[in-house]
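Take a look at the structure set out below.
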Ligand code: F6P
């Protein structure tokens, strides 16, 4: 019997369970393969005793429609930077990658499928260089991985953000308010851009197009002058005013901590007030609602395709590669290509042009 171990790493994402179901259903068509899952990313492998669960047809039945991940996840560290408290109670990182590779051999694991975002793909590349038979599956609601047209989870996040805009529109109209919606996306503006178009927002602020607050005011005033006493602003959590520093360029740790403060909507409202913009304003931070719950049909399908392809890559021994979607095909790309550069919104892309074409201001 051969064994493939699956791990889900980083933030959870709608569609993770559908990927695992795809892997298991495809593997069960082969006589000699067993699928196991490591609990909480690689924690399950490194723990003593190990925490590994068998994933079979029964375990994965019907899970394609469930959010989260049945094997759990964590975004703390990873085998190359394992967090531990030293004798003085201070957190440090230790490299446990060699130990992990040995443990995988001991557990009789022939191949690993790691489902994760850019951080996980980087770890996979390093493990591959250590000789591990490993395949990657891209996962992120942020859609910021460049080697694939889309990641599963993104469309679900956009759907939830769009529904939030729809709900804000009616309350904004009733109260004549400017309502600011902060959405996730890390250092990329994809969720904000898509939700702003789908929801019909007036302003969309994204990290890739630093905004001029005066231009934002101008767009809002133009609307007020046309007799509309309300407006919706969608702001990505990584958005910055002109002259500000991109969080991705500060340092990953600082950027990540700042994103978690959920402060950009608040800052925008405060700055608008400070320059004399008098509308009644409120802010909403959508947060983890964008990550929880059932995936859309699109994400279930993409995740299932990724799962089936990942197992087929194991059969073909295409190690050191990540599954990717290049419309209309599901292909494999080397990890190196996948982690080479992030996928940010090009300010001159057609999607931005479309948004501008329907009157959405980016404050540029
Ligand atoms: O990468 C997915 C994501 O949800 C980002 O959009 C967000 O910035 C980050 O994770 C939040 O991370 P955490 O769940 O650790 O707060």
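None of the figures in this text is laboratory data; all of them are computed from the coordinates on show. Treat the numbers as computed from the prediction; the structure is a model and nothing was measured. Backbone-built Cβ (ideal geometry, glycine too); neighbour counts: all protein chains shown.
Quick notes
- Anisotropy class of the range 1-117 from Cα gyration tensor, a/c 1.5 cut: oblate
- Across 244, 293, 67, mean-square fluctuation computed from a Gaussian network of the chain (C-alpha pairs under 10 Å connected) peaks at 244.
- Candidates 215, 226, 273: whichever shows maximal mean-square fluctuation once the chain is modelled as a Gaussian network with Cα springs under 10 Å: 226
- Applying 0.36 nm per residue to the separation of residue 30 and residue 341 and subtracting their alpha-carbon distance, the gain on full extension is 108.4 nm.
- Residues listed by number, the range 145-163, amide nitrogen under 19 Å from residue 329 label point at 7 Å toward C-beta: 146-151
- With Cα atoms, 0 to 90° folded angle of helix 97-106 axis to the chain main axis: 50 degrees
- When each of the peptides 342-349, 126-133, 263-270, 38-45 is scored by how many other beta carbons lie within 10 Å of its residues on average, the order from highest to lowest is 38-45, 263-270, 126-133, 342-349.
- Gyration tensor verdict on the range 307-364 (Cα atoms; rounded if a/c is under 1.5, prolate if a/b is larger than b/c, oblate otherwise): prolate
- By average C-beta atoms within 10 angstrom, highest first, the peptides 53-66, 99-112, 182-195: 182-195, 99-112, 53-66
- Principal-axis tilt of helix 154-175 within the chain, Cα atoms, nearest 10 degrees: 20 degrees
- Relative contact order computed over the chain (Cα-Cα under 8 Å; 6+ residues apart), in percent: 23 percent
- Sequence-separation-based contact order of the range 1-123, relative, with Cα cut under 8 Å and 6+ spacing, percent: 36 percent
- Over the chain: helical MRE at 222 nm, DSSP H runs n ≥ 4 each giving -39500 (n - 2.57), nearest 500: -11500 deg cm²/dmol
- Cα long-axis angle, helix 264-274 against the chain (0 to 90 degrees, to the nearest 10): 20 degrees
- Percentage relative contact order, the range 183-225, counting C-alpha pairs under 8 Å, at least six apart: 30 percent
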